[in-house]
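K.L.:
Before we start, here is the structure in question, set down as structure tokens.
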Amino acid sequence: MQGTSNNAGNQNSQPPSANPGQVTSGAQSPLTNLIPVSQSGLQVLESLHGIYLKQKMDKFEALIPYEIPNRYNLFPLDLDGNPTDQRLFKIKEKSAECQRHCFRQRRAFKLTVKLMNDHTEVMDFLKLERPGVCCKCDKGEMKISLLEGGEKVVGFVNAPFTCCKVEILVNDANHKLRFVIKAECLQPGLICFGCPFGSCREISFTIYDTGSKPLGLSLIHISEPTRQAEISYAVFCLKKK
């Protein structure tokens with residue numbers, strides 16, 4: 001996932017359901033109550049059935065050609081695979097204003113992931129950093145660091161240039177390949193980028209291990225275009241199939 005595209009959701013921390021504007025109900029996640037302060041970010045993620053990441057929309061940015069740092073909220077999925085209304089993590093971009101306006105998706109940036117307890121910040125969890133890149137074909141390499149108990153590099157993510165598909169490589173701290181995330185190019189969401197209707201807003205990814213075996217996880221990207229042609233806000237949903 002790229003933190004450089006202007007993708008997002010609504011102003012508050014409540015996620016939409018499968019139907020826009022409606023909060024889903026059903027079986028609850030194990031984390032419907034507040035998180036114990038002693039619980040680490042990794043322990044929280046390990047206990048989830050799935051996650052729902054929604055970027056926060058800024059009305060000012062959507063109306064005029066001005067880019068602000070991206071912000072995201074992450075929610076757990078319940079047993080039915082629907083997003084709950086409890087925000088577990090918030091993510092905020094740090095980047096130079098001149099880079100956001102001059103280089104846009106090619107800009108250098110840092111993302112800080114914070115573990116939340118309701119509306120209270122518990123701790124810094126992860127830091128994601130990517131240097132600026134020279135062209136849109138070069139996605140650069142994102143470094144991922146764990147911040148709990150001191151900063152420690154835990155992995156790298158890069159998206160090599162491919163002609164017929166989208167491919168994302170997830171490596172460990174020693175640059176050893178651990179996962180491959182792929183999206184075939186013959187999808188409406190990749191062909192009709194910017195179209196606000198139905199399947200034209202969605203891109204489906206398959207996650208593989210190093211032996212090219214699917215892991216049984218569903219990753220979907222949903223784009224929500226605005227009146228600014230180069231700005232769209234996105235939702236990511238990861239869950240077991």
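K.L.:
Let me check something: with ligands and nucleic acids excluded, how do 101, 221 order by accessible area (1.4 Å probe), largest to smallest?
P.N.:
If we order 101, 221 from most to least accessible, we get 101, 221.
K.L.:
How large is the accessible surface per residue of region 97-185, computed with a 1.4 Å probe and reported in Å² as a whole number?
P.N.:
So region 97-185 comes to 55 Å² accessible per residue, rounded to a whole number.
K.L.:
Could I ask something else about it? Suppose accessible area is computed on protein heavy atoms with a 1.4 Å probe; arrange 125, 161 from highest to lowest.
P.N.:
Putting 125, 161 in descending order of accessible area: 161, 125.
K.L.:
Measuring from label point to label point, each 7 Å out along Cα→Cβ, what is the residue 80 to residue 42 span in nm?
P.N.:
It works out to 3.4 nm between the two label points.
K.L.:
Let me ask another. Please give the solvent-accessible surface of residue 142 in Å², to the nearest 10, using a probe radius of 1.4 Å with every protein chain present.
P.N.:
Counting only protein heavy atoms, residue 142 exposes about 20 Å² to solvent.
K.L.:
Hey, another quick one. Using Stokes-Einstein with the Kirkwood hydrodynamic radius over Cα pairs, what translational diffusion coefficient do you get for region 93-172 at 10 °C and a viscosity of 1.306 mPa s, in µm²/s rounded to a whole number?
P.N.:
Estimated diffusion coefficient is 112 µm²/s.
K.L.:
Roughly how many percent of the accessible protein surface of region 90-164 is carbon and sulfur, given a 1.4 Å probe and a whole-percent answer?
P.N.:
Carbon and sulfur atoms account for 56 percent of the accessible area of region 90-164.
K.L.:
Another question, if that's okay. What do you reckon, how do 80, 138 stack up by accessible area (1.4 Å probe), largest on top?
P.N.:
80, 138
K.L.:
By what distance, in whole Å, do the Cα atoms of region 56-123 stretch along each of the three principal axes, largest value first?
P.N.:
So the extents along the principal axes, rounded to whole Å, are 43, 27, 20.
The values are calculated or read from the model by the stated rules, or taken from the named source; none is laboratory data. Everything numeric in this text was worked out from a predicted model, so none of it was measured. Neighbour counts run over all protein chains shown; Cβ positions are idealised from the backbone, glycine included. Surface areas here come from the heavy atoms of the whole protein model, side chains and all, with no ligands, DNA or RNA. Shrake-Rupley method; radii C 1.70, N 1.55, O 1.52, S 1.80 Å.
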